[in-house]
There are 2 protein chains.
Amino acid sequence: MTNLLDISPNMVEYIGYLGSFLTSVTFVPQVYKSWQSKSVGDLSIWMILIVVTSTIVWLVYGFSIHSGPVISANLVVLLLTLVLLYFKYSFKKP
Amino acid sequence: MTNLLDISPNMVEYIGYLGSFLTSVTFVPQVYKSWQSKSVGDLSIWMILIVVTSTIVWLVYGFSIHSGPVISANLVVLLLTLVLLYFKYSFKKP
């Protein structure tokens, strides 16, 4: 594949996985904060559902273009968002 | 390019841009909420800086693999995150 920025294919993959790692890292503090506080009232259920939908759409795209970084980033974000969705229901006030 | 899910190349692009659109949409409510409340105290500066870094890394990756959806999603998220960063400083309590 031609390469606009003239970076070797291996380096492109490394850069992609770095982006994937950083994206995953940004979601971890939210899950940790929600787990610690046992409070997710400020998190919009619509936001969570849109994120779940978007990660599934990105996964189809990632598999179609054979992009490991796109697939891995969206798998992690999907997993963490499903954890938030679980919190949203299990932490519900009685 | 071969295609794991047997989706036409045009459809793959549409799916990618749908993912890109959904990702952009998820960030808009946060920017709107912060702008309305004039309050960004709960937003971690580290989180914002990691998101900025990750979008730049993804942009390099997106340009390298010629992925319009990856480029557009990360341009929008970078822009919205820079707006949050601006809020973070302009809304600072005296």
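Could you list all residues from segment B:63-87 that are small (G, A, S) and surrounded by fewer than 22 Cβ atoms within 10 Å (Cβ to Cβ)?
If the condition is that a residue be small (G, A, S) and surrounded by fewer than 22 Cβ atoms within 10 Å (Cβ to Cβ), then B:G68, B:S72 are the ones that fit.
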Legend entry - Some residue of segment B:75-91 being outside any helix (DSSP H, G or I) and either closer than 26 Å to A:S64 by Cα or of a type outside the set (S, T, Y) (or both): yes
Inset, instruction - Determine whether segment B:4-19 contains at least one residue that is modelled with pLDDT of 90 or more and within 18 Å of A:M47 (Cα to Cα). - result: yes
Inset, instruction - Output the residue which, of all residues in segment B:6-53 that are not hydroxyl-bearing (S, T, Y) and not in a helix (DSSP H, G or I), is surrounded by the fewest Cβ atoms within 10 Å (Cβ to Cβ). - result: B:D6
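Can you confirm whether A:K88 is on the phi > 0 side of the Ramachandran plot, more than 7 Å from chain B (Cβ to nearest Cβ), more than 15 Å from the chain's Cα centre (by Cα) and modelled with pLDDT under 90? Step through it out loud before you land on a result.
Values: on the phi > 0 side of the Ramachandran plot: no; more than 7 Å from chain B (Cβ to nearest Cβ): yes; more than 15 Å from the chain's Cα centre (by Cα): yes; modelled with pLDDT under 90: yes.
Considered against the rule, which asks whether it is on the phi > 0 side of the Ramachandran plot, more than 7 Å from chain B (Cβ to nearest Cβ), more than 15 Å from the chain's Cα centre (by Cα) and modelled with pLDDT under 90, A:K88 comes out as no.
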Legend entry - Condition check for B:I48: β-branched (V, I, T) and farther than 24 Å from A:L49 by Cα: no
Inset, instruction - Note down all Cβ pairs under 8 Å where the first residue falls in segment A:65-84 and is farther than 15 Å from B:T23 by Cβ, the second is open to solvent by 30 Å² or more (accessible area, probe 1.4 Å) and among the hydroxyl-bearing types (S, T, Y), and they're at least six residues apart or on different chains. - result: A:H66/B:T2; A:G68/A:Y17; A:S72/A:Y17
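The values are calculated or read from the model by the stated rules, or taken from the named source; none is laboratory data. Keep in mind that this is a model prediction, so the values were computed, not measured. Neighbour counts run over all protein chains shown; Cβ positions are idealised from the backbone, glycine included. The area values use the complete protein model at the heavy-atom level, side chains included, leaving out ligands, DNA and RNA. Shrake-Rupley method; radii C 1.70, N 1.55, O 1.52, S 1.80 Å.
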